[in-house]
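Here's the structure we're looking at; comments come further down.
The values are calculated or read from the model by the stated rules, or taken from the named source; none is laboratory data. In this text, all values refer to a predicted model and were calculated from it rather than measured experimentally. Glycine gets a Cβ as well: all are built from the backbone with ideal geometry, and neighbour counts include every protein chain shown. Protein only, heavy atoms only, side chains kept; ligands, DNA and RNA dropped before computing areas. Shrake-Rupley method; radii C 1.70, N 1.55, O 1.52, S 1.80 Å.
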Amino acid sequence: MIYLSGGGRMYLKKSTSSKTGRTQLSIVHGFRDKEGITRQKTIKTIGYLDELEKEYDDPVSHFKQIAKEMDLARKEEIRNIPLSISPKASLPVGTDNRKNFGYVAFSYLYHELELDYFINNRRRYTKAEYNHNAIFKLLVYSRLLKPSSKKNAFDNRNIFFDKMDFTLDDVYRSLSFFNKHREAMMLALHKRISNLYGRDATLVYYDVTNYYFEIDEPDELRRKGVSKEHRPDPIIQMGLFMDTEGIPITYDLFPGNTLDKTTLIPMMKTIRKNYNLGRVLIVGDRGMMSGDNIRQILLDKNGYVLSYSIRGSNAAFKDYVLKEEGYRDIGSDGFKIKSRIYPREITVSTLEAKKKNKLRIDEKQVIFYSPKYAAKAKAERAAAVEKAKKLVDSPSMYNRSTSHGAGRYVKNITFSTETGEVDNKKNALFFDDEKLAEEEKYDGYYAIVTSELDMDDERIIEIYRGLWRIEESFKITKNDLQTRPVYLSKEEHIKSHFLICFVSLVLARLLEKKLDRKYSVPAILESLKRSSCSLLEQNIYLFDYYDEILENLGQILDIDFSKKYRTVKEIRQIMGASKKTES
């Protein structure tokens, strides 16, 4: 016979400050730990006695009674439960008693952001008998903790304690509903996050990535393009805006053959029209560098901070970068900066399709050098250089695909149009020492151009460095949320899939923020995934995992993740509480 129990008691504690003389009341739980040492845990801080006396005739007696009632409720909840276990008990085929508990953290955020309210408010105008909100929760929680296809999410729906009373057909039908309200949902999320967390969207980051589809024939959306992962499959382009804390603001999808730089203007129109952000400083990478983009940013009275390719620039700019004149040493590790305001001509489109005009603008150019970045560039190039040398010695071992990254260091390299193999019959291959030397000259140097002529150099660099968060977000969607490959064919279903991934990323980033960024998103997801429990007998669940991340989350969400045994009733109470977050 096993007994589940708990000890100690709750009582009212009076603490008088030796400095102020004021007495503070709080309800604490006194108990002995496993070593027998007496401990106290503050359950609720009530307030100062002198202030409480203005509201209560006898606050001490009043809160003593409340502490007593709370202790009785606690003891009733954790009373000894006799549990009979037979050593001969066996599991029937198909038994699956394990459930995830960690998703309660995402449930808290889901309801804090009022996603349930948003979906339920709109589903009233449909004739559907199934619950769109329950389906969306399943797809979001599954994407975060057990990413897979929509069918697998449905098949594994019983790992969650929430009611999942719908069919697989209902899941697919609901995708059209989600896509219909996609833009409105993103805008509602933005407003809610701004109200709750004071989002600062006057500085936004923008970047583009793509996601592949394992299909034979491309269509209007899934097109062949320049894959970030160097795959031959059709892709979809995604442009993403993010705030300074790494929390996504909005996104849009483009056909796979869309150039990165042509996505920015449509996205800026969306931001300007719907999000009412005021003047925005847009931070982007060199892929966004087009004259049309810069002109539009300035016409909208916004600003920009953009990387600028040193190796792809003209000789005069390269000379300016390499000259020591003007650099300021920052610190003792060799880091140095210089800047200048300099006119630049950009090429912009006209109303005539093939005609281009030149437009002169003033920009601030900020150049910085970092020995650490120089060493990193050399290390990253080392594998490609080594491969290039092997390619020169053994060309038959390589083809167009396997020589990726190394071919630029090989003179006379060509490939067979039929087989894709290296064709060295006409010209001998040589390692390009000049190419390598030219690249090495600029190792560690970075250039940034900006419209902010009066902004400090260090601040400009700090702003640009924040761009790594959006790159990390793309990595999270691809690796942890497994956004691709996408196993859907209808365009509206595909767009709903990316909405689910977007919302999942928002929740993950917000949880990372609540934890003061002490832990990475992958680490948080892993802890919540492992926070699971198994049914013993008589509605008792056994928990078998606890770590530092769960301890910190417990303090934030007021949930004791360390508790080893819980009844179904207690679990459902916790899940219910997560759905009643305050506005």
Taking the Cα centre of the chain as the origin and placing charges on Cβ (Lys, Arg +1; Asp, Glu -1), which of Leu505, Leu391, Tyr446 is farthest toward the positive end of the dipole? Leu505
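Add -39500 (n - 2.57) for each DSSP H run of 4 or more in the chain, then divide by its residues: what number comes out at 222 nm, to the nearest 500 deg cm²/dmol?
-11500 deg cm²/dmol
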Treating only Lys and Arg (+1) and Asp and Glu (-1) as charged, each at its beta carbon, one finds that the chain has a dipole about its Cα centre, in Debye to the nearest 20, of 680
Among Ala379, Val521, Asn120, which residue has its Cα positioned farthest towards the positive end of the charge dipole of the chain, with +1 placed on the Cβ of Lys and Arg, -1 on the Cβ of Asp and Glu, and the dipole taken about the Cα centre? Asn120
Length gained when the stretch Arg279-Glu183 is fully extended (0.36 nm per residue, less Cα-Cα span): 32.4 nm
With every protein chain present, what is the per residue accessible area of region 217-336 (1.4 Å probe, Å²)? 47
Straight-line reach check, Lys318, cutoff 20 Å on alpha carbons, 8 or more apart in-chain or any other chain, hits among lysines -> Lys336, Lys338, Lys364, Lys378, Lys435, Lys441
Can you work out D for the chain in µm² s⁻¹ from Stokes-Einstein, where Rh is the Kirkwood radius over C-alpha pairs, the temperature is 25 °C and the viscosity is 0.890 mPa s? 86
With 10 Å bins from 0: P(r) over region 337-390, alpha-carbon pairs, percent: 18, 22, 20, 26, 14, 0
Arrange the peptides 320-330, 450-460, 503-513 so that the one whose residues have, on average, the most other Cβ atoms within 10 Å appears first. 503-513, 450-460, 320-330
quick shape note, region 278-437: Cα extents on principal axes in Å, largest first -> 57, 53, 29
Alpha carbon centre of region 483-506 versus region 286-339: separation in Å? 36
If you place +1 on the Cβ of every Lys and Arg and -1 on the Cβ of every Asp and Glu, how big does the dipole about the Cα centre of region 86-200 come out, in debye to the nearest 20? 140
With angles folded into 0 to 90 degrees, how steeply does helix 568-578 sit against the dominant principal axis of the chain? Use alpha carbons for both and round to 10. 50
Among 287-297, 343-353, how do they line up from the highest to the lowest mean number of other beta-carbon atoms within 10 Å? 287-297, 343-353
How far, in degrees from 0 to 90, does helix 521-530 lean away from the longest principal axis of the Cα atoms of the chain, to the nearest 10? 40
Size of charge dipole - region 401-554 - debye, nearest 20, with Cβ of Lys, Arg +1 and Asp, Glu -1, no other charges: 620
State the Cα centre-to-centre distance between region 539-583 and region 186-249 in whole Å. 33
Write down, largest first, the equivalent ellipsoid semi-axes of region 359-435 in whole Å, where each equals the square root of 5 times an eigenvalue of the alpha-carbon gyration tensor. 33, 18, 11
Along the positive direction of the dipole of the chain (beta-carbon charges: Lys, Arg +1; Asp, Glu -1; about the Cα centre), which of Ser473, Gly405, Thr16 reaches farthest? Thr16
I'd like the Kirkwood hydrodynamic radius of region 123-241, using the inverse of the mean 1/r over distinct C-alpha pairs, in Å. 17.2
Extension gain from Thr350 to Glu458, taking 0.36 nm per residue of separation minus the Cα-Cα distance: 35.2 nm
